[in-house]
Amino acid sequence: MKKVFILIVICFVSINTWAQSDVKKDGILVPTTIYEGDTIPYIKLNTLVCTSERTFKSYKEKVKWDRLKYNVKKVYPYAILASAKLKEYDKLLATIPEKDRKAVTKMLEKQLKAEFSDELKKLTVTQGRLLIKLIDRETSKTTYDIVKDMRGSFSAFMWQSVALMFNSSLKSEYDAMGSDREIESAIKLIESGEF
């Protein structure tokens, strides 16, 4: 009786493994993660932003919103680029001895001026204010702090004085939930591809 039972178990196991070898392996290869001991597919989906059509109390308010969207769309790429360049320069300056940093910083500044000076001179005062805020959003550092780190306190003070003449401040911080809520809305539209 034991021999028959063992024979049946062996036949069942061999049939089962034979059947599994014929399974098609078509499908989609996706990343997986282990959750509570189980391996499950892990697919990251894009964030979906649901917004309703904006209503405006007046035509003037609509024009103001359209102008803000246009200005944000124009300067937002510069803020992203500034963040990437700042990270790149921080890595570079970390590898350079302290005595050589000033010379390297001046060289990097000349490169930046050659590449972006003409484009940035074409920005309006309003776009410049937006850029200052968006740089803070992207880097988590005010423009004043960036200039102070790269060029020193005196240079930061001088540029802050120039900004104050245009009713701006290099120390402006980005407040996505407060005063800069409209700017954040415009950025979300740009990032989602709606504008």
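A few remarks follow.
- Listed conditions (1) touching a helix residue (DSSP H, G or I) at 6+ places or on another chain (Cβ under 6 Å); (2) within 20 Å of Leu189 (Cα to Cα); (3) in contact (Cβ under 8 Å) with a residue 40 or more places away in the chain are all met by Lys133, apart from (1).
- Flag if Ser83 is in contact with a helix residue (DSSP H, G or I) (Cβ under 8 Å, 6 or more places away or on another chain) and more than 28 Å from Ile187 (Cα to Cα): no
- Qualifying residue in the range 115-126 (condition: over 28 Å from Leu189 (Cα atoms), among the basic types (Lys, Arg) and surrounded by fewer than 14 Cβ atoms within 10 Å (Cβ to Cβ)): no
- Counted residues, the range 133-161 - those being among the charged types (D, E, K, R), surrounded by fewer than 17 Cβ atoms within 10 Å (Cβ to Cβ) and closer than 19 Å to Leu123 by Cα: 0
- Selection of the range 162-173 for residues being surrounded by fewer than 14 Cβ atoms within 10 Å (Cβ to Cβ) and either more than 19 Å from Glu109 (Cβ to Cβ) or in contact with a helix residue (DSSP H, G or I) (Cβ under 8 Å, 6 or more places away or on another chain) (or both) yields Leu164, Met165, Phe166, Asn167.
- Just one of the listed residues (Met158, Met165, Met150) is more than 21 Å from Ile183 (Cβ to Cβ) and in contact (Cβ under 8 Å) with a residue 24 or more places away in the chain, and it is Met150.
- Scanning the range 174-188 for residues that are surrounded by fewer than 16 Cβ atoms within 10 Å (Cβ to Cβ) and either over 18 Å from Ser52 (Cβ atoms) or more than 14 Å from the chain's Cα centre (by Cα) (or both) gives Asp175, Ala176, Met177, Gly178, Ser179, Arg181, Glu182.
- Some residue of the range 113-125 being in a helix (DSSP H, G or I) and more than 30 Å from Gly193 (Cα to Cα): yes
- Hits in the range 171-186 - residues which are in contact (Cβ under 8 Å) with a residue 24 or more places away in the chain and part of a loop (DSSP other than H, G, I, E, B): Lys171, Ser172, Glu173, Tyr174, Ala176, Asp180
- Cβ-Cβ distances below 6 Å connect the following pairs, each with a first residue in the range 99-114 that is closer than 16 Å to Ala82 by Cβ, a second residue that is among the aliphatic types (A, V, I, L, M), and a separation of six or more residues or different chains: Thr105/Met150.
Residue-by-condition table, conditions (1) of a type in the set (Val, Ile, Thr); (2) at pLDDT 65 or above; (3) not in a helix (DSSP H, G or I):
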site	(1), (2), (3)
Ile8	yes, no, no
Glu53	no, yes, yes
Lys64	no, yes, no
Leu68	no, yes, no
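- Residue check, Arg54 of a type in the set (Lys, Arg), surrounded by fewer than 11 Cβ atoms within 10 Å (Cβ to Cβ) and more than 18 Å from the chain's Cα centre (by Cα): yes
- The condition of being of a type in the set (Gly, Ala, Ser) and free of Cβ contacts under 8 Å to residues at least 12 places away in the same chain holds for only one of Ser117, Ser83, that being Ser117.
The values are calculated or read from the model by the stated rules, or taken from the named source; none is laboratory data. In this text the structure is predicted, and so the values were computed from the model without any measurement. Methodologically, a virtual Cβ is constructed for each residue, glycine included, from the backbone with ideal geometry; neighbour enumeration extends over all protein chains shown.
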